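Asks: I have a structure I would like to understand better, so I am pasting it below and will then ask my questions one at a time.
The values are calculated or read from the model by the stated rules, or taken from the named source; none is laboratory data. As the structure is a computational prediction, the values presented were derived from the model and not from experiment. We place every Cβ from the backbone using ideal geometry, glycine too, and count neighbours over all the protein chains shown.
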Amino acid sequence: METKQRHGCVTAWLILMIILNALSAIFYLFAGDLISRNLPQGLPKPILILLAVLGIANVIFAVLLFKWKKLGFWGFVVTSIGALIINLSMGLGVIQSLFGLLGIAILYAVLQIKKEEVSAWVNLE
């Protein structure tokens, strides 16, 4: 049986995703008031908590991708759509809101990087 391998760029991207999503969740939980004050309409506490939960979920999904689970990718799709809905409902512009979906495209592209002629995407179960 051949062991699965991923390109170093894929590993680096997943690590970056874990770090940034963990930091964003912590920021939403512990510095949410700062975020809220800098937005014209502010953010209600439940929305800040929901955004933190999405960040924590993204950490879990990145770990699933490390474990070769395609569910991790689909989890990112769901949380990105959730963030899009939250952004639109909070009055953020459509273009700015759709920009969040760019992360899914980048993740998909990174998962296409091949190591020994096989992409990480192909190795996902």
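Asks: Are any residues in the stretch 92-105 free of Cβ contacts under 8 Å to residues at least 12 places away in the same chain and of a type in the set (Val, Ile, Thr), and if so, which ones?
Replies: Applying the first criterion (free of Cβ contacts under 8 Å to residues at least 12 places away in the same chain) to the stretch 92-105 yields 92-96, 99, 102, 105.
Hits for the stretch 92-105 are VAL94, ILE95.
Asks: Next question, about the same structure. Working only within the stretch 1-15, note down all residues that are surrounded by fewer than 12 Cβ atoms within 10 Å (Cβ to Cβ) and either assigned to a loop (DSSP other than H, G, I, E, B) or of a type outside the set (Gly, Ala, Ser) (or both).
Replies: MET1, GLU2, THR3, listed by residue number.
Asks: Could we say that LEU64 is under 21 Å from CYS9 (Cβ atoms), surrounded by 12 or more Cβ atoms within 10 Å (Cβ to Cβ), without any contact (Cβ under 8 Å) to a residue 12 or more places away in the chain and among the hydrophobic types (A, V, I, L, M, F, W, C) here?
Replies: On the way: under 21 Å from CYS9 (Cβ atoms): yes; surrounded by 12 or more Cβ atoms within 10 Å (Cβ to Cβ): yes; without any contact (Cβ under 8 Å) to a residue 12 or more places away in the chain: yes; among the hydrophobic types (A, V, I, L, M, F, W, C): yes.
Taking the combined requirement at face value, the residue satisfies it.
Asks: Then there is this: Which ones in the stretch 3-51 are within 18 Å of GLY75 (Cα to Cα) and among the aromatic types (Phe, Trp, Tyr)?
Replies: TRP13
Asks: I need every pair where a residue in the stretch 70-91 that is surrounded by fewer than 17 Cβ atoms within 10 Å (Cβ to Cβ) has its Cβ under 8 Å from the Cβ of a residue that is of a type in the set (Val, Ile, Thr) and part of a helix (DSSP H, G or I), sequence separation at least 6 or different chains.
Replies: Within 8 Å, the pairs are VAL77/ILE104; LEU88/VAL94; MET90/ILE47.
Asks: Another question, if that's okay. From ASN38, ASN21, grab the single residue that is closer than 30 Å to LEU111 by Cα and either modelled with pLDDT under 90 or polar (S, T, N, Q) (or both). Outline the logic, then answer.
Replies: Values: ASN38 fails: closer than 30 Å to LEU111 by Cα.
When all the criteria are applied, what remains is ASN21.
Asks: Here's something else I'd like to know. Here are LEU34, LEU29: which of them is touching a helix residue (DSSP H, G or I) at 6+ places or on another chain (Cβ under 8 Å) and among the aliphatic types (A, V, I, L, M)? Step through it out loud before you land on a result.
Replies: On the way: LEU34 fails: touching a helix residue (DSSP H, G or I) at 6+ places or on another chain (Cβ under 8 Å).
None of the others qualify; the one that does is LEU29.
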